[in-house]
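Working notes, beginning with the structure itself.
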Amino acid sequence: MVGIDTSDDAAVYKINEDTAIIETLDFFTPIVDDPYMFGQIAAANSLSDVYAMGGTPLFALNIVCFPTCLSMDILGEIIKGGADKVKEAGAIIVGGHSIDDKEPKYGLAVTGIVHPKKVWANIGANAGDTLILTKPLGTGIINTSIKGELATEKNIENAVKTMAYLNKYAFDIANKYSISACTDITGFGFLGHLNEMVSGSGASAVIHYDDIKMLSGAEDFAKMGIVPEGAYRNRKYLNGKIEFTAKIQEFKRDILFDPQTSGGLLLAVKKEDANELINELQNIETPASIVGEIIEKKAFSIYVD
């Protein structure tokens, strides 16, 4: 049902009239020093792709790269962090595979299910739809500031809490509504993933920067130029596809291109349902907001004001 054609978040394979299988895989190097928290974040990031497809995770396999020179206690904490997050999601760990590698890496291959008629895809948004984002932006910038030893305890605490927070809770609420399109915001940044949505939908989008929630410190660090390399790759790839108004300064653009780790869901929903949905989303622990709308296809994919 869903393959690689539209760069969607996971594959979907129809088994019968009532069940389709969702399959996805993700892993990466540590972004925090605490091994348990690294495991939690990596697992939340992997599980997110299932929620972005409108599904429920069933089970997962660990993917581990770990150097023999480090203590196995560290690996144990990483695995425990991942297992606890999978348990929180209502799924189980059923095994995995590990190899010796110079740099630790961890993630999951996740299998989930969804009704074939209720699959969310990253295409299908319609002109007039409202765009809702369920987590704040800025994790890439904050992680870069942590590496530079510039982040405050508050910056770190907020970023870690956001990255480890399951998109399950936003999904549980949004699943009661008719979602036209959905994706989660990860390595391609907010604008990169939105571009995939509107391009595949044959539409464009208008984004209101001031309505987007940001992690504490993200704008300040962006003004200082504390921006990950991935943001510049995203900017280069999207060259010519985005139109910014004059008020969107360079640091604001950097945030919108910033590669996210375990970011929120970006939902396209009918305008008449948007206010009710956003009101319900105030019950989750990350700040959700209406950030823009889908419009008829124009010269640019995305307009940011």
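Some observations on this one:
- Per this entry, THR19 is counted among residues that are among the polar types (S, T, N, Q), surrounded by fewer than 24 Cβ atoms within 10 Å (Cβ to Cβ) and touching a residue at least 12 places away in the same chain (Cβ under 8 Å).
- Residues satisfying the stated conditions in segment 272-305, i.e. part of a loop (DSSP other than H, G, I, E, B) and under 30 Å from ALA164 (Cβ atoms): GLN282, ASN283, ILE284, GLU285, THR286, PRO287, ALA288
- Of all residues in segment 18-54, those satisfying the criterion of being touching an Asp or Glu at 6+ places or on another chain (Cβ under 9 Å) and either part of a loop (DSSP other than H, G, I, E, B) or of a type in the set (Val, Ile, Thr) (or both) are ILE22, THR24, THR29, PRO30, ASP34, VAL50, MET53.
- Only one of GLU272, GLU276, GLU293 that is touching a helix residue (DSSP H, G or I) at 6+ places or on another chain (Cβ under 9 Å) and either outside the structural domain of THR29 (by TED's automatic domain parsing) or aliphatic (A, V, I, L, M) (or both): GLU293
- Members of segment 196-206 that are under 19 Å from the mean Cα position of the chain (by Cα) and surrounded by fewer than 23 Cβ atoms within 10 Å (Cβ to Cβ): GLU196, SER199, GLY200
- Residue check for LYS80: touching a residue at least 12 places away in the same chain (Cβ under 8 Å), over 30 Å from LYS270 (Cβ atoms) and outside any strand (DSSP E or B): yes
- Pairs, first in contact (Cβ under 8 Å) with a residue 40 or more places away in the chain and closer than 30 Å to GLY140 by Cβ in segment 264-282, second of a type in the set (Lys, Arg) and crowded, with 23+ Cβ neighbours inside 10 Å, C-beta under 6 Å, six or more apart: GLY264/LYS135
- Among the residues making up segment 86-118, those that are farther than 15 Å from GLN40 by Cα and assigned to a helix (DSSP H, G or I) are PRO116, LYS117, LYS118.
- The residues of segment 35-75 that are free of Cβ contacts under 8 Å to residues at least 40 places away in the same chain and of a type in the set (D, E, K, R) amount to a single one, ASP73.
Residues are listed down the side, and each one gets a yes or a no for (1) buried (at least 18 other Cβ atoms within 10 Å of the Cβ); (2) at pLDDT 95 or above; (3) of a type in the set (Gly, Ala, Ser):
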| residue | (1), (2), (3) |
| --- | --- |
| ASP9 | yes, no, no |
| LYS14 | no, yes, no |
| PRO30 | yes, no, no |
| MET37 | yes, yes, no |
| ALA44 | yes, yes, yes |
| LEU47 | yes, yes, no |
| GLY82 | yes, yes, yes |
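- Residue list for segment 57-74, restricted to those being closer than 24 Å to LEU265 by Cβ and either buried (at least 24 other Cβ atoms within 10 Å of the Cβ) or touching a helix residue (DSSP H, G or I) at 6+ places or on another chain (Cβ under 7 Å) (or both): PRO57, ALA60
- When PHE171, PHE190, PHE221 are checked against the criterion of being touching a Ser or Thr at 6+ places or on another chain (Cβ under 7 Å), aromatic (Phe, Trp, Tyr) and in a helix (DSSP H, G or I), a single residue qualifies: PHE221.
The values are calculated or read from the model by the stated rules, or taken from the named source; none is laboratory data. Small disclaimer: the values here were computed from a predicted structure and weren't measured. When we count neighbours, we look across all protein chains shown, and the Cβ atoms used for this are built from the backbone with ideal geometry, even at glycine.
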